[in-house]
Amino acid sequence: MVKYILKRFIALIPVLLGVTLIIFTLLYFTPGDPALAILSDEAATPEAIAQIHEELGLDDPFWVQYANYVWDLLHGDLGVSYLNKRPVTELLLERLPKTMTLACVSAGLAIVLGITFGVIAAVNHNSIFDNLCMLFALGGVSMPHFWQGLLLMLLFGVKLGWLPISGYGTLAQLILPALTIGYGCMAIIARMTRSSMLEVINQDYINFAHAKGQKKFIIITRHALHNALIPIITTIALQFGILLGGSVITESIFAIPGVGKLMVDSIRGSNYPVVQGGVLMIAFIYCVTNLLVDIIYAFIDPRIKTSLSNGR
Amino acid sequence: MNRTVKNESYFMSVWNEFRKNRAAVMGMSILFAIIVVAIFADFLAPYDPIEQVYADALQGPSTAHWFGTDEFGRDIFSRVLYGARVSLLVGVVSVAIACVIGSLLGASAGYFGGGYDAVVMRCMDVLLAIPSLLLNLSIVSALGKSVFNMMLAVGVSNIPRYCRIMRASVLQIKNAEYVDAARITGASHMLIIIRHIIPNCLAPIIVQATLSVGSAIIACAGLSFLGVGVPAPTPEWGAMLSNGKDFLRHNAYITIFPGLAIMLTVLSLNLMGDGLRDAFDPKLRR
């Protein structure tokens, strides 16, 4: 098991290196001179531009710049923001807890509601409950989440005045953004739970549990759901990337000072070190989440655990 | 007793199965209506979608302007109709880019295997490691704001999905007898992949493509919403939502109608995609 985790962790390194190469290449070829983004219009004299090129090594060949970037990265240095000259690592770490809190609350909502709706739909297959749950889920996958965020803001913030429509700090301020990001993910989890449950619900061991007189709740939770969990967990892991990506737009709508909003502001202001750092940080979190999910598989599915311990 | 054996093709039997699904047929009908609207927007739209008439700015829905007007006095109904053209185009073209490149990469990786397969799949892992919205944003920032660059960005971020599906299908059939037969007759690898393997792996790709057009439309609308998608004043649903958010308190209709248009289009594609998936699935057809 330890060997497996170590192997998976080592496999992360080339992936992350690939991510750095893609992001670095894209931003390297982005039109515009970073020196001009750093200097104000009056200060942008040819001498000042040349000095910044010298300092940042902007005249070096592509591979030299990339190697320097990776070397700095290995030392925890993601560069300096063009805007306020603060280290990017510091800027990102300052905002990361807000983004992670939003992503985790949204994920929690999506998982609890998604699995509940999926199970209700599967257990009451082809009934009115099934249709209602799936209609609700279909709305979630068809609605752009930024539009849904604006509608929630309009209804609960502007018209009813129940919840604040912007800012960060209180639980009330977290509800609308979490619902905005979580609804789409909840819909996907509900659809996957339903189809996965439908595959196991007619198996012989479920019929046997019924025949044995086992309580329906126990059969559904302990026998059916437990065996339907693997594809659901895969879906949840994939949704985590969408949650992190979704925070980019949602934080902008609800004025939450997280990594997502910082990145949007940085793209608009051509503040590329922050964009590079932000993408890399989110990609890293996403990869680690997937790794954790793979490890969880081994604990949930005894077949995977056995195959690992047999070295297969 | 005489029995007539009905000899229907595979795609005909899929179509017959698809027709039985009322939700899927409804989705297809809605989509057809949206395509008609997109094609004939020039004739259906009552006003020029770009012309600014400041005297008519921020008027609510009325008989003159069914969906109201925006802050520049442009008719929202006309802009929603023209927006269908842009949104469907970006959705279809970006999925086509992903589908063609992803399928070819996946088919060749599955067919040849070995080191080539490993390299292609690790590249796909790298692309998958970046949440798609962030990858789209980075690509559009690098290439600049235009409709084509937006389609390219959304297409590139969808490539891994098709590559994986196609590779998995190819691994299942690459040792089939008809592929061996083609090999024995001296057919080249390229011919085997294009003529014998890809056509037999199309079912999951068609389903995925139908479902992806909806998510591609949402992704493009998201980029426009962030101000890095379709440049103004082109009527595009995401950009219209972005403009409308500043007037949410008193003129919510500016936001509501383009959003409804996106939802209806994506809903129709999802219903159709679900129907196609069920029709293609032999387990459900039994």
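For the reader, a short list of remarks on this structure follows.
- Test for A:Phe208: is it assigned to a helix (DSSP H, G or I), away from chain B (no Cβ under 14 Å) and open to solvent by 40 Å² or more (accessible area, probe 1.4 Å): yes
- Counting residues in the range A:13-22 that are within 14 Å of chain B (Cβ to nearest Cβ), loosely packed, with under 14 Cβ neighbours inside 10 Å and on the phi > 0 side of the Ramachandran plot gives zero.
- Scope the range A:237-268; condition open to solvent by 10 Å² or more (accessible area, probe 1.4 Å) and modelled with pLDDT under 85; matching residues: A:Leu238, A:Gln239, A:Phe240, A:Ile242, A:Ile267, A:Arg268
- The lone exception for B:Lys245 - which of (1) open to solvent by 60 Å² or more (accessible area, probe 1.4 Å); (2) within 21 Å of A:Ile249 (Cβ to Cβ); (3) away from every other protein chain (no Cβ under 14 Å) it fails: (3)
- Residue check for A:Cys185: within 14 Å of chain B (Cβ to nearest Cβ) and at pLDDT 90 or above: yes
- Members of the range B:103-152 found to be within 14 Å of another protein chain (Cβ to nearest Cβ), crowded, with 23+ Cβ neighbours inside 10 Å and in contact with a Lys or Arg (Cβ under 9 Å, 6 or more places away or on another chain), listed by number: B:Leu128
- Candidates A:Asp59, A:Asp41, filtered to the one that is in contact with a His (Cβ under 7 Å, 6 or more places away or on another chain) and at pLDDT below 85: A:Asp59
- Complete set of residues in the range A:90-121 that are β-branched (Val, Ile, Thr) and in contact with a Gly (Cβ under 6 Å, 6 or more places away or on another chain): A:Thr99
- Checking each residue in the range B:244-254 for being assigned to a helix (DSSP H, G or I) and either of a type in the set (Phe, Trp, Tyr) or under 15 Å from B:Gln59 (Cβ atoms) (or both) picks out B:Gly244, B:Phe247, B:Tyr253, B:Ile254.
- Of the residues screened, B:Ile262 is not one that is within 8 Å of another protein chain (Cβ to nearest Cβ), touching a helix residue (DSSP H, G or I) at 6+ places or on another chain (Cβ under 8 Å), open to solvent by 30 Å² or more (accessible area, probe 1.4 Å) and not acidic (Asp, Glu).
- Matching residues, the range B:153-177, being open to solvent by 30 Å² or more (accessible area, probe 1.4 Å), within 12 Å of chain A (Cβ to nearest Cβ) and not basic (Lys, Arg): B:Val156
- Candidates are the residues of the range A:178-198 that are more than 15 Å from A:Phe136 (Cβ to Cβ) and β-branched (Val, Ile, Thr); the one that is surrounded by the fewest Cβ atoms within 10 Å (Cβ to Cβ) is A:Thr180.
- Scan of the range B:35-47 for residues that are touching a strand residue (DSSP E or B) at 6+ places or on another chain (Cβ under 8 Å) and exposed (fewer than 14 other Cβ atoms within 10 Å of the Cβ), ordered by number: B:Pro46
- The single condition among (1) of a type in the set (Gly, Ala, Ser); (2) open to solvent by less than 30 Å² (accessible area, probe 1.4 Å); (3) in contact with a Gly (Cβ under 6 Å, 6 or more places away or on another chain) that B:Gly91 does not meet is (3).
- For the range A:79-91, the set of residues classified as hydrophobic (A, V, I, L, M, F, W, C) and surrounded by fewer than 22 Cβ atoms within 10 Å (Cβ to Cβ) consists of A:Val80, A:Leu83, listed by residue number.
- The number of residues in the range A:30-70 being surrounded by 14 or more Cβ atoms within 10 Å (Cβ to Cβ) and of a type in the set (Ser, Thr, Tyr) comes to 3.
- The single condition from (1) touching a helix residue (DSSP H, G or I) at 6+ places or on another chain (Cβ under 8 Å); (2) in a helix (DSSP H, G or I); (3) of a type in the set (A, V, I, L, M) that B:Ala55 fails is (1).
- Residues located in the range B:209-223, provided they are open to solvent by 10 Å² or more (accessible area, probe 1.4 Å) and either in contact (Cβ under 8 Å) with a residue 60 or more places away in the chain or at positive phi (or both): B:Ala209, B:Thr210, B:Leu211, B:Val213, B:Ala219
- B:Asp180 meets each of the listed conditions (1) of a type outside the set (A, V, I, L, M, F, W, C); (2) in a loop (DSSP other than H, G, I, E, B); (3) open to solvent by 20 Å² or more (accessible area, probe 1.4 Å) apart from (2).
- Verdict on A:Ala190 being at pLDDT 90 or above, within 22 Å of the chain's Cα centre (by Cα) and assigned to a helix (DSSP H, G or I): yes
- Flag for A:Thr30 being touching a residue at least 24 places away in the same chain (Cβ under 8 Å), in a loop (DSSP other than H, G, I, E, B) and within 14 Å of chain B (Cβ to nearest Cβ): yes
- For beta carbons closer than 7 Å, sequence separation of 6+ or different chains, a first residue in the range A:262-291 that is at the interface with chain B (Cβ under 10 Å from one of its Cβ atoms) and a second that is in a loop (DSSP other than H, G, I, E, B) and buried (at least 24 other Cβ atoms within 10 Å of the Cβ), the qualifying pairs are A:Val279/B:Ile130; A:Ile282/B:Pro131; A:Ala283/B:Ile130; A:Tyr286/B:Pro131.
- Scanning the range A:89-105 turns up no residue that is hydroxyl-bearing (Ser, Thr, Tyr) and either closer than 19 Å to A:Tyr28 by Cβ or outside any helix (DSSP H, G or I) (or both).
- Residues that are among the hydrophobic types (A, V, I, L, M, F, W, C), within 11 Å of another protein chain (Cβ to nearest Cβ), in contact (Cβ under 8 Å) with a residue 24 or more places away in the chain and surrounded by fewer than 23 Cβ atoms within 10 Å (Cβ to Cβ), drawn from the range A:115-140: A:Met134, A:Leu138
- Residue tally, condition small (Gly, Ala, Ser), under 13 Å from A:Gly149 (Cβ atoms) and in a helix (DSSP H, G or I), over the range A:226-269: 4
The values are calculated or read from the model by the stated rules, or taken from the named source; none is laboratory data. Predicted model only: the values in this text are computed from it and were never measured. As a convention, Cβ positions derive from the backbone with ideal geometry for all residues, glycine included, and neighbour counts pool all protein chains shown. Side chains included, ligands, DNA and RNA excluded: accessible areas come from the protein's heavy atoms. Shrake-Rupley method; radii C 1.70, N 1.55, O 1.52, S 1.80 Å.
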